[in-house]
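Structure, as structure tokens:
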Amino acid sequence: MIQQYVTEALILSVRDMGEADRLAVLFSREHGKLSAAAYGARRPRSRLAGTVQSFAQVSVSLMPGRNLDTIGQCEVKRSFRELREDLVLMTYAAFLTELVAELWPERSPEPSAYDVLTFALAFLSERNPRLVSLAGAWQLLALAGFHPEYERCVVCGQLLTLPAFFDSCAGGGVCPTCEHAGLQPLDDAVCGFIDRLLNLNWQQPPAFKVTGAVLLQAEKILIEFIAHRLERPLKSIRFIQMMKGTERLEER
Ligand SMILES: [Zn+2]
């Protein structure tokens, strides 16, 4: 017998469906990613209108269907409203939620990733959102099995001494002997920074001091790494790069 169930979830994305409905992609702590229909959610008087929104953390009751689950009740635990009201924060939040949606298939529970995403969404508005999204993205990739290798050269297996290079395709550091054209440089500062991001404790996030050059290089490596790990490019990355272009112009 098909039974309604209740779960805690982050809403990864929401889009319009039909005339008055919404389709939400949820990331449930217990059930992983799943798609659910919010029927009537675009009608102003619908109980779901103000609750089924991107980035919100909700407690939701779901009725399993043949293709889609249907959202019955949806109670907001944390709205993360600031992430929908500020374009910069919204872009970084969309980057993290899109990454999660691409990294895990439907119904593949990943409680650690759920926790990382929750912390990252919460800290986006409290700390430097560039650093928060960078730490979140590196950790999510590692949880999905894509921990970058920087102890040993991914080609010859020798212990890696820095400065070296990063091969996004092979997923890790490459020693100068094995280096080939087109690899990103990887020095002590960048490698140490990525290592700190991967090990960042969200319960007690440290104060970060990082130079612009190191931050940019860690971002560049991350973006290439993601591009090689996912089957298709993330839509939000292009938007972040566009936004940075504007940021730089404004600084002049
Ligand atoms: Zn090597």
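No value in this document is a laboratory result; all are computed from the given coordinates. Quantities reported herein were computed from a predicted structural model and do not represent experimental measurements. Backbone-built Cβ (ideal geometry, glycine too); neighbour counts: all protein chains shown.
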* Asked: Over the Cα atoms of segment 128-252, what Rg and Dmax result, in angstrom?
  -> 14.8, 45
* Would you mind computing, in nm to one decimal, how far apart the modelled labels at Ala227 and Val6 are, each placed 7 Å from Cα along Cα→Cβ? => 4.6 nm
* Set of lysines with alpha-carbon distance to Lys77 below 19 Å, sequence-local pairs under 8 removed -> Lys33
* Counting other Cβ atoms within 10 Å of each Cβ, which GluC sites (Glu not before Pro) in segment 156-226 have at most 15 and sit in a DSSP loop? -> Glu179
* Structure fact -> Residue by residue through segment 136-153, the couplings from Karplus 6.51 cos²θ - 1.76 cosθ + 1.60 with θ = phi - 60°, in Hz, x for Gly and Pro, are x, 5, 4, 5, 5, 4, 4, 5, 7, x, 10, 6, x, 8, 9, 7, 10, 5
* **In sequence order, calculated HN-Hα J values of segment 154-168 (Karplus, 6.51, -1.76, 1.60; Hz; x Gly/Pro)** => 6, 8, 9, x, 5, 4, 8, 9, 8, x, 9, 9, 10, 9, 5
* Taking N as the number of residues in segment 72-197, what value does Rg over Cα atoms divided by 2.2 N^0.38 Å take? -> 1.26
* To do: Once every Cα of the chain carries one equal point scatterer and solvent is ignored, give the base-10 log of I(q)/I(0) from the Debye formula at q = 0.09 Å⁻¹, two decimals.
  => -0.44
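Highest first, please rank the peptides 138-145, 125-132 by the mean number of other Cβ atoms sitting within 10 Å of their residues.
By packing density, highest mean first, the sequence is 138-145, 125-132.
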* Reciprocal mean inverse distance between Cα atoms of segment 1-48 - Kirkwood radius, Å -> 11.6 Å
* Asked: What's log10 of I(q)/I(0) for segment 5-79 at q = 0.24, 0.26 Å⁻¹, Debye sum over Cα points only, no solvent?
  -> -1.08, -1.28
* **Whole-Hz ³J(HN,Hα) from phi, Karplus 6.51 cos²θ - 1.76 cosθ + 1.60, for segment 8-21, glycine and proline x** => 8, 8, 9, 8, 6, 7, 9, 9, 6, 9, x, 8, 9, 10
* To do: Scan around Arg127 for amide H atoms under 5 Å from its own, H built in the peptide plane at 1.01 Å from N, and keep only partners 5 or more places away or cross-chain.
  => none
* Relative contact order (percent) for segment 5-79, with alpha-carbon contacts under 8 angstrom and 6 or more residues of separation? -> 31 percent
